[in-house]
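A short write-up of the structure that comes next.
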Amino acid sequence: MADPVALSDRLRSLLHQEEGGAELRQELAGQRAEDLAAALERLSRDEGRALLEQMDSLKAGYVMVELPTETARGLAADLPDEVLAVYLDVLPMDDAIDLHEELGDERFDVLLNLIPPEDAREIRRLLYYPERSVGRAMTEKFFEASPDATMQSIMDDLRLASEDKYETVNDVYVVDEDRFLKGVFSLRRALRAEPGALAREVMNPEPIVAHASERDEEAARRMARYGFYSLPVIDERGRMVGLFTGDDAQTVLREAESEDVLALGAVTGSVESYISLSPWQLYKRRFPWLLILFVAETLTGGVMRHYTNLVEGDPQGIGLLIPFIPLVLGAGGNSGSQVTTTITRGLAVGEVELRDAWLVFVREMTVALMIGGSLGVAGFLRAYFGWNSGLQISAIVAVALPLVVTWAATVGSLLPLAAKRLNIDPAVMSAPFISTFVDATGLVIYFEVALRLFRFK
């Protein structure tokens, strides 16, 4: 893996050398598209366009796909349609679909009219499927055989096929004359079988599949669970229409995990390289959630004013409670954040399902009572011996801590499950949101313990 900063500096230097053309083209040919894309992010648009013009069309197309959306759109604006059409035509179809996002609907339609009609029709078929579905990410170039094909004929087909006929040849998919998927077997198994053995005799008749209209993230996690290199893609009737490959699954999972991490930090928007984002774009991604959290925090202030008014005749009493507010609310917020992060991850990777709601609730309540009880004892000792706060204040802290922690665990475990049930991304129930919500409600619990259980006034 090349260092993006060092590579960008080297490419810039070669680009500006009067006699560096041959060396520049050699450098570009020896670098991976992913590394070149990372380097181009650090160059100006003019430099990036000049470098793309020095690459062969296939390499340039892959670099465009790997670039962050905003960077790619800026470069595409400077490139003529004829050049972009060449990129589109030489790319594998699933990667050509990725280029659609970089260019936008209008210009992409123009480019489809510039490439061979057969390729344009295939791209339009893939665009028919919903965004972020398996159908958008699949390739139609897969290694297939009829049920009556012999291992010898399959090997002959593979040996004589052109390089671009199949995108991957790890598995052979057995389909009948109506395109229905009957089974699958590995190329390794084909090599070990007798030359005259039939595909129907060698195949596994119950393959794990992906549906063209399902979410690509779900299919990618299924592929990872079973350790497959690819999944056959079928339509609603069971006919095989394509192949969902491992490299696309890795991209999907990487983006999904990045989005979850950003959401847990209350950052909105799709996953893009930090370097490619302007200050205004970063502002738009961060400010909405911060504004929501800011408004939510006013609830905490309202609770404080309410209980301050209740003990207006005893200002010394409220003053004795205030020093322990950060301790109680911090324990609750941190506990809730731990729970919601754990449950959100479990939902994302398929370890937790909606039907597990009761199991999750019971388990988290048990853990919360154990943690809350332990923190209650620690809080009592800290207040009584550490701060010499007296028996009453220490007892309030000791009782409030388990209640606040248990309440935080309840909210932290149920909110992600409720979000999943409503088809909302559970990561939206982020740690900052849980912490803010628990601050306001935990404060109510703390003061109610003081007022009701101990008649503190």
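Okay, here's what the table says:
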| read-out | value |
| --- | --- |
| Sites residue 189 and residue 369 - FRET efficiency at Förster radius 35 Å, r taken between beta-carbons, to 0.05 | 0.05 |
| Spatially proximal aspartates and glutamates relative to residue 165 (Cα-Cα < 13 Å; intrachain offsets below 8 disregarded) | 140, 144, 157 |
| Dimensions (Å) - the stretch 1-140, Cα atoms, principal axes, largest first | 45, 27, 23 |
| For residue 341, solvent-accessible area (1.4 Å; no DNA, RNA or ligand), Å² | 60 |
| Three-way shape label, the stretch 118-237, alpha-carbon gyration tensor, a/c 1.5 | prolate |
| Taking the C-alpha atoms of the stretch 358-398, convex hull volume expressed per residue in Å³ | 46 |
| Relative intensity, log₁₀ I(q)/I(0), of the stretch 357-457 from a Debye sum that treats every alpha carbon as a point, q = 0.14, 0.19, 0.22 Å⁻¹ | -0.61, -0.94, -1.11 |
| Anisotropy class of the stretch 14-62 from Cα gyration tensor, a/c 1.5 cut | oblate |
| For the stretch 61-189, alpha-carbon Rg and Dmax in angstrom | 17.4, 53 |
| Over the stretch 93-140 - Rg/Rh using Cα atoms and the Kirkwood inverse-distance radius | 0.92 |
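The values are calculated or read from the model by the stated rules, or taken from the named source; none is laboratory data. Everything numeric here is computed off the predicted structure, so don't read it as measured data. As a convention, Cβ positions derive from the backbone with ideal geometry for all residues, glycine included, and neighbour counts pool all protein chains shown. For the accessible areas, the whole protein counts, side chains as well, though only heavy atoms, and no ligand, DNA or RNA atoms are used. Shrake-Rupley method; radii C 1.70, N 1.55, O 1.52, S 1.80 Å.
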